[in-house]
Amino acid sequence: MKRVVVTGMGMVSPLGCGVALSWERLIESQSGITAIERFSVSDLSCKIAGQLPSGDGEGAFNADDWVPHKDQRKMGDFIVFAMAAATQAVEDSGWTPTETSELERTGVMIGSGIGGLEGIHDTSLAMSEKGPRRVSPFFIPSCLINLASGHVSIKYGFRGPNHAVVTACSSGAHAIGDAARLIQWGDA
């Protein structure tokens, strides 16, 4: 069986964008939990959440840094987050395959607990209130969890195994395990 090692990492978290900064803030016992301001929480008992820091400050997440603005309307937020983390991981790894054989053995495995729920919610309301003509032609592709790994593969030209894992809170751990097995079995 082949040995499996981690060669690159990327992170988008409530502690910040980037592995080093998120780790530093975690070690300093900082919290990524903040007051919810994106929508009204007056009717909710919980008014806090782990949200990505936005803006231009250190560790803030700016989608334009990771995905061209014109492409963002085709992607749910979770896909943009996946693109950011994957870009960091690929850059951190130093892996730049160019040969067809290398591209065919380079796969993408991404886990998402629930995917494009916000897009599904917004589209459901728009259809209910304004009719089917208000449904974007990008609705389905923006919500499909497998398109997170698909967009990463397209960006880098990877042609190996492409898989999405959806197992709620354990999605990330399952994706790592599944990817390791693909390597061990010689499929990637």
Residue 73 being basic (Lys, Arg), within 22 Å of residue 149 (Cβ to Cβ) and out of contact with any Ser or Thr (no Cβ under 7 Å at 6 or more places or on another chain): yes
Qualifying residue in the range 129-149 (condition: more than 21 Å from residue 39 (Cβ to Cβ) and among the hydroxyl-bearing types (Ser, Thr, Tyr)): yes
Pairs where the first residue, in the range 10-25, is of a type in the set (Asp, Glu) and the second is modelled with pLDDT of 95 or more and outside any loop (DSSP other than H, G, I, E, B), C-beta under 9 Å, 6+ apart: 24/16
Exclusive hit being more than 21 Å from the chain's Cα centre (by Cα) and exposed (fewer than 15 other Cβ atoms within 10 Å of the Cβ), set 96, 100: 100
Scope the range 138-167; condition over 15 Å from the mean Cα position of the chain (by Cα) and more than 15 Å from residue 116 (Cβ to Cβ); matching residues: 156, 157, 158, 159, 160, 161
Any helices (runs of 4 or more DSSP H) falling wholly within the range 93-188 and containing at least 3 residues that are of a type in the set (S, T, N, Q) and either in contact with a helix residue (DSSP H, G or I) (Cβ under 7 Å, 6 or more places away or on another chain) or in the same structural domain as residue 78 (by TED's automatic domain parsing) (or both): 117-130, 146-156
Failed item, numbered, when residue 22 is tested on (1) more than 29 Å from residue 180 (Cα to Cα); (2) in contact with a strand residue (DSSP E or B) (Cβ under 8 Å, 6 or more places away or on another chain): (1)
Test: residue in the range 18-38 that is under 30 Å from residue 140 (Cβ atoms), at pLDDT 95 or above and aliphatic (A, V, I, L, M): yes
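The values are calculated or read from the model by the stated rules, or taken from the named source; none is laboratory data. Everything numeric here is computed off the predicted structure, so don't read it as measured data. Positions of Cβ are generated from backbone atoms using ideal geometry, with glycine treated the same way; all protein chains shown enter the neighbour counts.
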